[in-house]
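Written out below as C-alpha coordinates is the structure these notes cover.
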Amino acid sequence: MENNVTFLKELKVGEIIPSDIYFNKTLLIKAGTKVDENLLRNLKSWGISKVNSLYIKNPEEQELRRTYANPLKNKEKIFYSKELFDIKKLFFESLQYVVSETRYGLILNRDAQITWLEDLFISSLLNTEISIALFNLKKKDPYSYFHSFDVFLLGALLADMAGIRDIQSFAIGCLIHDIGKLDISNELLQKEGALSKAEFDEIQKHTLNGVEFIEKHNLPDALRAVVKSHHERLDGTGYPEGLTAEALSEEVRLLAVVDTYSALTLQRSYREAFSSIKAIELLLSKGTKYDIKYVIHLMELINIYPTDSIVRLSNGKKAKIKSVHENQPYFPILEELGNSKVYQLPLNFSVTISRFIEWEQVVDATNDDVINNKELYWNSFISQILIGDMDEAMECYKRITEGMNLNNIFIDVIIRLIKEIETRKLEGELSTGEEHDAFIKIKDILIENFK
Ligand SMILES: [Fe+2]
Ligand SMILES: [Fe+2]
(Lines give C-alpha, C1' and ligand atoms only; values in the text may rest on other atoms or scores of the structure.)
(Ligands and ions follow the chains in the order given, each with its own letter.)
Protein backbone atom coordinates (compact mmCIF):
# COMPACT_ATOMS: atom_id res chain seq x y z
CA MET A 1 0.00 0.00 0.00
CA GLU A 2 2.74 2.42 0.91
CA ASN A 3 4.08 2.15 -2.67
CA ASN A 4 1.42 4.59 -3.80
CA VAL A 5 3.10 7.34 -1.88
CA THR A 6 6.02 7.45 -4.24
CA PHE A 7 3.88 6.77 -7.26
CA LEU A 8 1.77 9.88 -6.77
CA LYS A 9 4.75 12.09 -6.19
CA GLU A 10 6.26 11.07 -9.49
CA LEU A 11 3.22 11.57 -11.71
CA LYS A 12 4.04 13.17 -15.06
CA VAL A 13 1.86 14.46 -17.92
CA GLY A 14 1.10 11.70 -20.43
CA GLU A 15 1.46 8.79 -18.00
CA ILE A 16 -1.38 6.32 -17.47
CA ILE A 17 -2.66 5.64 -13.96
CA PRO A 18 -2.27 1.85 -13.61
CA SER A 19 -4.79 1.25 -10.83
CA ASP A 20 -7.74 2.95 -9.13
CA ILE A 21 -6.68 5.48 -6.53
CA TYR A 22 -8.89 5.90 -3.51
CA PHE A 23 -9.25 8.22 -0.56
CA ASN A 24 -10.61 5.76 1.94
CA LYS A 25 -13.60 4.40 -0.04
CA THR A 26 -13.77 7.33 -2.39
CA LEU A 27 -12.56 6.65 -5.89
CA LEU A 28 -10.50 9.67 -6.84
CA ILE A 29 -8.93 8.59 -10.10
CA LYS A 30 -9.90 5.64 -12.26
CA ALA A 31 -7.27 3.22 -13.54
CA GLY A 32 -6.41 4.03 -17.15
CA THR A 33 -6.81 7.80 -16.73
CA LYS A 34 -4.19 9.74 -18.65
CA VAL A 35 -2.37 12.30 -16.55
CA ASP A 36 -2.77 15.84 -17.85
CA GLU A 37 -2.19 19.33 -16.46
CA ASN A 38 -5.76 19.46 -15.17
CA LEU A 39 -5.44 16.24 -13.23
CA LEU A 40 -2.13 17.37 -11.73
CA ARG A 41 -3.74 20.64 -10.71
CA ASN A 42 -6.65 18.77 -9.11
CA LEU A 43 -4.29 16.50 -7.21
CA LYS A 44 -2.46 19.55 -5.97
CA SER A 45 -5.63 21.38 -4.99
CA TRP A 46 -6.80 18.27 -3.10
CA GLY A 47 -3.53 18.40 -1.17
CA ILE A 48 -2.59 14.92 -2.30
CA SER A 49 1.15 15.45 -2.24
CA LYS A 50 0.87 16.35 1.44
CA VAL A 51 -1.28 13.41 2.50
CA ASN A 52 0.08 10.61 0.45
CA SER A 53 -0.28 8.12 3.25
CA LEU A 54 -4.07 8.21 2.87
CA TYR A 55 -4.18 7.64 -0.85
CA ILE A 56 -4.21 3.93 -0.92
CA LYS A 57 -5.04 1.37 -3.50
CA ASN A 58 -8.21 -0.58 -2.89
CA PRO A 59 -8.54 0.24 0.82
CA GLU A 60 -9.90 -2.18 3.37
CA GLU A 61 -11.30 -1.70 6.83
CA GLN A 62 -8.13 -3.25 8.21
CA GLU A 63 -6.02 -0.42 6.86
CA LEU A 64 -8.22 2.18 8.56
CA ARG A 65 -8.16 0.23 11.79
CA ARG A 66 -4.39 0.09 11.58
CA THR A 67 -4.34 3.88 11.22
CA TYR A 68 -6.44 4.33 14.33
CA ALA A 69 -4.71 1.54 16.24
CA ASN A 70 -1.21 2.99 15.96
CA PRO A 71 -1.80 6.67 16.65
CA LEU A 72 1.62 7.39 18.01
CA LYS A 73 3.48 5.92 15.08
CA ASN A 74 2.32 8.50 12.58
CA LYS A 75 0.79 11.78 13.73
CA GLU A 76 -0.08 12.81 10.20
CA LYS A 77 -2.29 9.76 9.85
CA ILE A 78 -4.19 10.55 13.04
CA PHE A 79 -4.76 14.10 11.87
CA TYR A 80 -6.10 13.13 8.47
CA SER A 81 -8.17 10.29 9.81
CA LYS A 82 -9.76 12.68 12.26
CA GLU A 83 -10.34 15.12 9.41
CA LEU A 84 -12.00 12.43 7.32
CA PHE A 85 -14.14 11.43 10.26
CA ASP A 86 -15.23 15.07 10.71
CA ILE A 87 -16.10 15.40 7.01
CA LYS A 88 -18.19 12.22 7.07
CA LYS A 89 -19.89 13.35 10.26
CA LEU A 90 -20.66 16.70 8.68
CA PHE A 91 -22.08 14.99 5.59
CA PHE A 92 -24.59 12.92 7.54
CA GLU A 93 -25.47 15.74 9.91
CA SER A 94 -26.16 18.00 6.93
CA LEU A 95 -28.11 15.29 5.13
CA GLN A 96 -30.36 14.89 8.12
CA TYR A 97 -30.88 18.64 8.30
CA VAL A 98 -31.82 19.34 4.69
CA VAL A 99 -33.36 16.19 3.27
CA SER A 100 -37.05 15.52 3.57
CA GLU A 101 -39.35 13.65 1.21
CA THR A 102 -41.51 16.72 0.74
CA ARG A 103 -38.53 18.56 -0.81
CA TYR A 104 -36.57 15.69 -2.37
CA GLY A 105 -39.33 13.27 -3.26
CA LEU A 106 -38.01 9.73 -2.97
CA ILE A 107 -34.69 10.22 -4.75
CA LEU A 108 -32.50 9.70 -1.74
CA ASN A 109 -34.14 6.47 -0.65
CA ARG A 110 -31.49 4.50 -2.50
CA ASP A 111 -28.16 3.77 -0.79
CA ALA A 112 -26.25 4.10 -4.04
CA GLN A 113 -27.26 7.76 -4.39
CA ILE A 114 -26.18 8.57 -0.83
CA THR A 115 -22.83 6.82 -1.27
CA TRP A 116 -22.17 8.65 -4.53
CA LEU A 117 -22.98 12.01 -2.91
CA GLU A 118 -20.93 11.18 0.17
CA ASP A 119 -17.92 10.39 -2.02
CA LEU A 120 -18.44 13.60 -3.97
CA PHE A 121 -18.65 15.59 -0.73
CA ILE A 122 -15.49 14.01 0.68
CA SER A 123 -13.51 14.58 -2.51
CA SER A 124 -14.74 18.20 -2.60
CA LEU A 125 -13.60 18.80 0.95
CA LEU A 126 -10.19 17.25 0.36
CA ASN A 127 -9.11 20.76 -0.45
CA THR A 128 -8.27 22.13 2.97
CA GLU A 129 -9.17 25.73 2.10
CA ILE A 130 -12.64 24.71 0.95
CA SER A 131 -13.11 22.49 3.95
CA ILE A 132 -12.09 25.21 6.43
CA ALA A 133 -14.24 27.81 4.69
CA LEU A 134 -17.34 25.57 4.84
CA PHE A 135 -16.82 24.72 8.50
CA ASN A 136 -16.44 28.48 9.14
CA LEU A 137 -19.61 29.27 7.20
CA LYS A 138 -21.50 26.71 9.28
CA LYS A 139 -20.24 28.33 12.47
CA LYS A 140 -20.99 31.87 11.27
CA ASP A 141 -24.40 31.40 9.67
CA PRO A 142 -25.74 27.82 9.80
CA TYR A 143 -28.55 28.60 7.37
CA SER A 144 -26.11 29.69 4.64
CA TYR A 145 -24.07 26.53 5.16
CA PHE A 146 -27.05 24.14 5.08
CA HIS A 147 -28.45 25.94 2.05
CA SER A 148 -25.07 25.46 0.30
CA PHE A 149 -25.12 21.77 1.19
CA ASP A 150 -28.68 21.49 -0.09
CA VAL A 151 -27.65 23.16 -3.37
CA PHE A 152 -24.73 20.71 -3.55
CA LEU A 153 -26.99 17.64 -3.20
CA LEU A 154 -29.64 18.78 -5.66
CA GLY A 155 -27.07 20.38 -7.97
CA ALA A 156 -24.95 17.21 -8.21
CA LEU A 157 -27.97 14.97 -8.81
CA LEU A 158 -29.38 17.32 -11.43
CA ALA A 159 -25.99 17.79 -13.11
CA ASP A 160 -25.69 14.02 -13.36
CA MET A 161 -29.16 13.78 -14.88
CA ALA A 162 -28.58 16.66 -17.29
CA GLY A 163 -25.23 15.31 -18.49
CA ILE A 164 -23.01 18.13 -17.14
CA ARG A 165 -19.47 17.05 -17.97
CA ASP A 166 -17.35 17.94 -14.96
CA ILE A 167 -19.62 17.06 -12.05
CA GLN A 168 -16.84 17.22 -9.47
CA SER A 169 -16.03 20.85 -10.32
CA PHE A 170 -19.70 21.75 -10.48
CA ALA A 171 -20.34 20.11 -7.10
CA ILE A 172 -17.55 22.17 -5.54
CA GLY A 173 -19.04 25.26 -7.20
CA CYS A 174 -22.40 24.45 -5.57
CA LEU A 175 -20.78 24.03 -2.15
CA ILE A 176 -18.96 27.35 -2.32
CA HIS A 177 -21.45 29.39 -4.39
CA ASP A 178 -22.33 31.54 -1.35
CA ILE A 179 -18.91 31.37 0.34
CA GLY A 180 -18.60 35.16 -0.16
CA LYS A 181 -21.19 35.48 2.63
CA LEU A 182 -18.33 34.84 5.05
CA ASP A 183 -17.48 38.53 4.49
CA ILE A 184 -21.04 39.83 5.03
CA SER A 185 -22.16 40.74 8.54
CA ASN A 186 -24.47 38.31 10.35
CA GLU A 187 -26.76 41.19 11.18
CA LEU A 188 -27.41 41.65 7.48
CA LEU A 189 -27.46 37.94 6.56
CA GLN A 190 -30.07 37.21 9.18
CA LYS A 191 -32.10 40.39 8.83
CA GLU A 192 -35.85 39.84 8.75
CA GLY A 193 -38.07 41.79 6.40
CA ALA A 194 -37.25 44.02 3.49
CA LEU A 195 -33.70 45.22 2.84
CA SER A 196 -32.83 48.82 2.07
CA LYS A 197 -31.11 49.59 -1.24
CA ALA A 198 -27.74 49.92 0.53
CA GLU A 199 -28.23 46.61 2.34
CA PHE A 200 -29.20 44.82 -0.85
CA ASP A 201 -26.09 46.26 -2.56
CA GLU A 202 -24.02 44.90 0.30
CA ILE A 203 -25.59 41.40 0.10
CA GLN A 204 -24.94 41.31 -3.65
CA LYS A 205 -21.22 41.60 -2.97
CA HIS A 206 -21.14 37.95 -1.84
CA THR A 207 -20.81 36.93 -5.49
CA LEU A 208 -17.65 39.00 -6.02
CA ASN A 209 -16.29 38.08 -2.58
CA GLY A 210 -16.65 34.48 -3.72
CA VAL A 211 -14.52 35.17 -6.78
CA GLU A 212 -11.86 36.69 -4.51
CA PHE A 213 -11.93 33.50 -2.43
CA ILE A 214 -11.28 31.44 -5.56
CA GLU A 215 -8.38 33.67 -6.61
CA LYS A 216 -6.86 33.85 -3.15
CA HIS A 217 -6.72 30.08 -2.86
CA ASN A 218 -5.78 29.34 -6.48
CA LEU A 219 -8.89 27.23 -7.03
CA PRO A 220 -9.70 26.05 -10.58
CA ASP A 221 -10.99 28.72 -12.98
CA ALA A 222 -14.03 26.55 -13.74
CA LEU A 223 -15.48 27.57 -10.36
CA ARG A 224 -15.41 31.27 -11.11
CA ALA A 225 -18.49 31.53 -13.36
CA VAL A 226 -20.88 29.61 -11.11
CA VAL A 227 -19.81 31.53 -8.01
CA LYS A 228 -19.87 34.93 -9.69
CA SER A 229 -23.02 34.55 -11.79
CA HIS A 230 -25.46 32.35 -9.86
CA HIS A 231 -27.75 35.38 -9.30
CA GLU A 232 -27.77 36.39 -12.96
CA ARG A 233 -31.07 35.81 -14.77
CA LEU A 234 -31.70 34.96 -18.43
CA ASP A 235 -33.53 38.27 -19.01
CA GLY A 236 -30.68 40.37 -17.63
CA THR A 237 -32.41 41.31 -14.35
CA GLY A 238 -29.88 39.55 -12.12
CA TYR A 239 -26.58 40.63 -10.57
CA PRO A 240 -23.68 41.43 -10.30
CA GLU A 241 -23.30 42.21 -14.02
CA GLY A 242 -26.84 41.98 -15.43
CA LEU A 243 -25.68 39.34 -17.93
CA THR A 244 -28.26 37.89 -20.32
CA ALA A 245 -28.93 34.34 -21.56
CA GLU A 246 -26.12 34.15 -24.16
CA ALA A 247 -23.49 34.85 -21.51
CA LEU A 248 -24.73 32.25 -19.02
CA SER A 249 -23.24 28.75 -19.12
CA GLU A 250 -25.32 25.60 -18.63
CA GLU A 251 -23.78 25.20 -15.17
CA VAL A 252 -24.79 28.73 -14.14
CA ARG A 253 -28.35 28.21 -15.43
CA LEU A 254 -28.67 24.93 -13.57
CA LEU A 255 -27.31 26.40 -10.35
CA ALA A 256 -29.72 29.37 -10.57
CA VAL A 257 -32.68 26.96 -10.61
CA VAL A 258 -31.43 24.79 -7.74
CA ASP A 259 -30.33 27.82 -5.70
CA THR A 260 -33.78 29.39 -5.93
CA TYR A 261 -35.58 26.12 -5.20
CA SER A 262 -33.43 25.61 -2.12
CA ALA A 263 -33.80 29.20 -0.88
CA LEU A 264 -37.59 29.04 -1.20
CA THR A 265 -38.16 25.62 0.32
CA LEU A 266 -35.65 25.54 3.19
CA GLN A 267 -37.11 26.64 6.50
CA ARG A 268 -35.70 29.86 7.96
CA SER A 269 -36.23 30.88 11.55
CA TYR A 270 -38.23 33.95 10.59
CA ARG A 271 -40.37 32.76 7.71
CA GLU A 272 -42.43 29.83 6.56
CA ALA A 273 -40.86 27.83 3.80
CA PHE A 274 -42.60 27.44 0.45
CA SER A 275 -43.79 23.93 -0.32
CA SER A 276 -41.91 22.18 -3.13
CA ILE A 277 -45.02 22.54 -5.31
CA LYS A 278 -45.24 26.30 -4.82
CA ALA A 279 -41.51 26.70 -5.46
CA ILE A 280 -41.77 24.76 -8.72
CA GLU A 281 -44.83 26.74 -9.79
CA LEU A 282 -42.87 29.88 -9.17
CA LEU A 283 -39.89 28.67 -11.22
CA LEU A 284 -42.20 27.60 -14.05
CA SER A 285 -43.93 30.96 -14.05
CA LYS A 286 -40.61 32.78 -14.31
CA GLY A 287 -39.72 31.32 -17.67
CA THR A 288 -37.96 34.49 -18.80
CA LYS A 289 -35.58 34.33 -15.87
CA TYR A 290 -34.83 30.64 -15.43
CA ASP A 291 -33.84 28.03 -17.97
CA ILE A 292 -37.02 26.01 -18.15
CA LYS A 293 -35.25 22.80 -19.17
CA TYR A 294 -33.55 22.66 -15.76
CA VAL A 295 -36.85 23.35 -14.00
CA ILE A 296 -38.25 20.34 -15.90
CA HIS A 297 -35.20 18.26 -15.00
CA LEU A 298 -35.72 19.21 -11.37
CA MET A 299 -39.38 18.13 -11.47
CA GLU A 300 -38.43 14.85 -13.12
CA LEU A 301 -35.61 14.32 -10.61
CA ILE A 302 -37.72 14.72 -7.49
CA ASN A 303 -40.90 13.47 -9.20
CA ILE A 304 -42.96 16.41 -8.02
CA TYR A 305 -45.25 18.16 -10.51
CA PRO A 306 -47.68 20.99 -9.80
CA THR A 307 -51.41 20.86 -10.40
CA ASP A 308 -52.33 21.32 -14.08
CA SER A 309 -49.13 19.69 -15.30
CA ILE A 310 -49.64 17.44 -18.33
CA VAL A 311 -47.43 14.38 -17.97
CA ARG A 312 -46.66 11.11 -19.76
CA LEU A 313 -47.23 8.02 -17.61
CA SER A 314 -45.21 4.82 -17.60
CA ASN A 315 -48.26 3.06 -19.12
CA GLY A 316 -47.90 5.35 -22.15
CA LYS A 317 -51.00 7.42 -21.36
CA LYS A 318 -51.11 11.18 -21.08
CA ALA A 319 -52.51 12.59 -17.85
CA LYS A 320 -53.23 15.85 -16.12
CA ILE A 321 -52.32 16.37 -12.47
CA LYS A 322 -55.55 17.24 -10.70
CA SER A 323 -54.29 17.77 -7.16
CA VAL A 324 -51.13 17.34 -5.13
CA HIS A 325 -50.91 16.88 -1.41
CA GLU A 326 -48.05 18.87 0.11
CA ASN A 327 -47.09 16.03 2.48
CA GLN A 328 -46.86 13.41 -0.27
CA PRO A 329 -46.40 15.42 -3.46
CA TYR A 330 -44.93 12.48 -5.39
CA PHE A 331 -48.26 10.58 -5.32
CA PRO A 332 -50.60 13.13 -6.94
CA ILE A 333 -54.19 12.57 -8.05
CA LEU A 334 -54.37 12.63 -11.83
CA GLU A 335 -56.79 12.27 -14.68
CA GLU A 336 -55.91 10.17 -17.69
CA LEU A 337 -56.62 12.22 -20.80
CA GLY A 338 -58.90 10.57 -23.30
CA ASN A 339 -60.78 8.35 -20.86
CA SER A 340 -61.22 10.76 -17.90
CA LYS A 341 -60.13 8.06 -15.41
CA VAL A 342 -59.20 9.83 -12.15
CA TYR A 343 -57.00 8.09 -9.57
CA GLN A 344 -54.09 8.59 -7.21
CA LEU A 345 -50.71 7.50 -8.56
CA PRO A 346 -50.41 3.96 -7.11
CA LEU A 347 -48.27 3.68 -3.97
CA ASN A 348 -46.75 0.42 -5.28
CA PHE A 349 -45.25 2.27 -8.29
CA SER A 350 -47.14 0.09 -10.78
CA VAL A 351 -47.75 3.32 -12.73
CA THR A 352 -45.31 6.21 -12.48
CA ILE A 353 -44.78 9.53 -14.22
CA SER A 354 -42.17 9.19 -16.94
CA ARG A 355 -41.90 12.77 -18.05
CA PHE A 356 -43.30 16.27 -17.96
CA ILE A 357 -45.03 17.56 -21.09
CA GLU A 358 -46.35 21.01 -20.22
CA TRP A 359 -47.91 23.14 -17.55
CA GLU A 360 -51.29 24.55 -18.40
CA GLN A 361 -51.47 27.14 -15.69
CA VAL A 362 -49.85 30.53 -16.13
CA VAL A 363 -49.32 32.51 -12.98
CA ASP A 364 -49.76 36.22 -13.56
CA ALA A 365 -46.40 37.18 -12.10
CA THR A 366 -45.66 40.86 -11.77
CA ASN A 367 -43.37 40.86 -8.76
CA ASP A 368 -39.73 40.45 -9.73
CA ASP A 369 -38.52 39.64 -6.27
CA VAL A 370 -38.43 35.87 -6.37
CA ILE A 371 -37.84 35.24 -2.69
CA ASN A 372 -40.52 37.66 -1.62
CA ASN A 373 -43.01 36.37 -4.13
CA LYS A 374 -46.52 37.39 -3.25
CA GLU A 375 -48.09 36.41 -6.52
CA LEU A 376 -48.33 32.76 -5.57
CA TYR A 377 -50.44 33.76 -2.60
CA TRP A 378 -52.56 35.96 -4.82
CA ASN A 379 -53.99 33.04 -6.81
CA SER A 380 -54.58 31.10 -3.64
CA PHE A 381 -56.17 34.19 -2.01
CA ILE A 382 -58.76 34.48 -4.79
CA SER A 383 -59.46 30.75 -4.82
CA GLN A 384 -60.05 30.68 -1.07
CA ILE A 385 -62.45 33.65 -1.28
CA LEU A 386 -64.39 31.90 -4.03
CA ILE A 387 -64.47 28.64 -2.08
CA GLY A 388 -65.49 30.58 1.01
CA ASP A 389 -62.64 29.42 3.27
CA MET A 390 -61.99 32.75 4.94
CA ASP A 391 -59.39 31.45 7.45
CA GLU A 392 -57.17 30.31 4.57
CA ALA A 393 -57.99 33.46 2.59
CA MET A 394 -56.92 35.69 5.49
CA GLU A 395 -53.65 33.74 5.84
CA CYS A 396 -52.90 34.60 2.20
CA TYR A 397 -54.08 38.17 2.73
CA LYS A 398 -51.61 38.56 5.60
CA ARG A 399 -48.73 37.37 3.44
CA ILE A 400 -49.71 39.51 0.48
CA THR A 401 -50.09 42.69 2.52
CA GLU A 402 -46.99 42.19 4.71
CA GLY A 403 -45.06 45.48 4.85
CA MET A 404 -47.64 47.43 2.78
CA ASN A 405 -49.33 50.63 3.95
CA LEU A 406 -53.14 50.93 4.00
CA ASN A 407 -53.24 53.08 0.90
CA ASN A 408 -51.32 50.48 -1.12
CA ILE A 409 -53.36 47.64 0.32
CA PHE A 410 -56.50 49.36 -0.83
CA ILE A 411 -55.26 50.01 -4.37
CA ASP A 412 -53.03 46.97 -5.00
CA VAL A 413 -55.08 44.37 -3.18
CA ILE A 414 -58.72 45.33 -2.66
CA ILE A 415 -59.31 47.22 -5.93
CA ARG A 416 -57.36 44.58 -7.83
CA LEU A 417 -59.41 41.86 -6.19
CA ILE A 418 -62.71 43.55 -7.12
CA LYS A 419 -61.52 43.96 -10.73
CA GLU A 420 -60.44 40.34 -10.93
CA ILE A 421 -63.79 39.07 -9.63
CA GLU A 422 -65.58 41.32 -12.15
CA THR A 423 -63.40 40.02 -14.99
CA ARG A 424 -64.06 36.41 -14.04
CA LYS A 425 -67.80 37.11 -14.00
CA LEU A 426 -67.59 38.84 -17.41
CA GLU A 427 -65.65 35.89 -18.83
CA GLY A 428 -68.33 33.51 -17.63
CA GLU A 429 -66.16 31.82 -14.99
CA LEU A 430 -68.42 32.97 -12.15
CA SER A 431 -72.17 33.01 -11.80
CA THR A 432 -74.02 36.12 -10.52
CA GLY A 433 -74.50 34.34 -7.19
CA GLU A 434 -70.79 33.50 -6.88
CA GLU A 435 -69.87 37.07 -7.74
CA HIS A 436 -72.30 38.34 -5.12
CA ASP A 437 -70.87 35.98 -2.45
CA ALA A 438 -67.33 37.07 -3.31
CA PHE A 439 -68.25 40.75 -2.89
CA ILE A 440 -69.76 40.03 0.53
CA LYS A 441 -66.45 38.40 1.53
CA ILE A 442 -64.54 41.44 0.24
CA LYS A 443 -66.83 43.71 2.26
CA ASP A 444 -66.01 41.62 5.36
CA ILE A 445 -62.29 42.05 4.69
CA LEU A 446 -62.77 45.80 4.33
CA ILE A 447 -64.75 46.07 7.59
CA GLU A 448 -62.15 43.96 9.41
CA ASN A 449 -59.08 45.78 8.11
CA PHE A 450 -60.12 49.35 7.37
CA LYS A 451 -62.02 50.25 10.55
FE1 LIG B 1 -26.00 33.59 -3.57
FE1 LIG C 1 -27.46 30.52 -2.61
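The values are calculated or read from the model by the stated rules, or taken from the named source; none is laboratory data. For clarity, every value in this text was computed on a predicted model and none was experimentally measured. As a convention, Cβ positions derive from the backbone with ideal geometry for all residues, glycine included, and neighbour counts pool all protein chains shown. SASA here: full protein model, heavy atoms, side chains in, ligands and nucleic acids out. Shrake-Rupley method; radii C 1.70, N 1.55, O 1.52, S 1.80 Å.
Quick notes on this structure:
- Flag: LEU158 does not match the condition of being more than 12 Å from LEU137 (Cα to Cα), at pLDDT below 95 and aliphatic (A, V, I, L, M).
- Top-ranked residue in the range 424-450 [being of a type in the set (S, T, N, Q) and assigned to a helix (DSSP H, G or I); ranked as farthest from MET394 (Cα to Cα)]: THR432
- Residue within the range 197-208 that is open to solvent by less than 20 Å² (accessible area, probe 1.4 Å), within 15 Å of ligand 2 (Cβ to nearest atom) and among the aliphatic types (A, V, I, L, M) present: no
- Only residues that are surrounded by 16 or more Cβ atoms within 10 Å (Cβ to Cβ), within 16 Å of ligand 1 (Cβ to nearest atom) and outside any helix (DSSP H, G or I) were counted across the range 228-239, and they come to 6.
- Complete set of residues in the range 240-256 that are more than 13 Å from ligand 1 (Cβ to nearest atom) and among the β-branched types (Val, Ile, Thr): THR244
- For the range 194-227, the set of residues classified as under 22 Å from the mean Cα position of the chain (by Cα) and away from ligand 1 (no atom under 16 Å from the Cβ) consists of ALA222 only.
- Candidates GLU129, GLU118, GLU192, GLU93 - the one that is more than 16 Å from ligand 2 (Cβ to nearest atom), within 18 Å of ARG268 (Cβ to Cβ) and either modelled with pLDDT of 90 or more or touching a strand residue (DSSP E or B) at 6+ places or on another chain (Cβ under 9 Å) (or both): GLU192
- Yes/no for LYS441 being of a type in the set (Lys, Arg), at pLDDT 80 or above, outside the structural domain of ASP259 (by TED's automatic domain parsing) and surrounded by 15 or more Cβ atoms within 10 Å (Cβ to Cβ): yes
- Selection within the range 309-327: residues that are open to solvent by 40 Å² or more (accessible area, probe 1.4 Å) and touching a residue at least 40 places away in the same chain (Cβ under 8 Å). The member of this set that is farthest from ILE107 (Cα to Cα) is LYS320.
- Residue pairs whose Cβ atoms lie under 7 Å apart, separated by 6 or more positions or on different chains, with the first residue in the range 176-199 and assigned to a helix (DSSP H, G or I) and the second open to solvent by 50 Å² or more (accessible area, probe 1.4 Å) and within 12 Å of ligand 1 (Cβ to nearest atom), are GLY180/LYS205; GLY180/LEU208.
- Being in contact with a Gly (Cβ under 8 Å, 6 or more places away or on another chain), within 15 Å of ligand 2 (Cβ to nearest atom) and in contact (Cβ under 8 Å) with a residue 24 or more places away in the chain is a description that does not apply to VAL252.
- Any hit, the range 284-307, residues being open to solvent by less than 50 Å² (accessible area, probe 1.4 Å) and within 16 Å of ligand 1 (Cβ to nearest atom): yes
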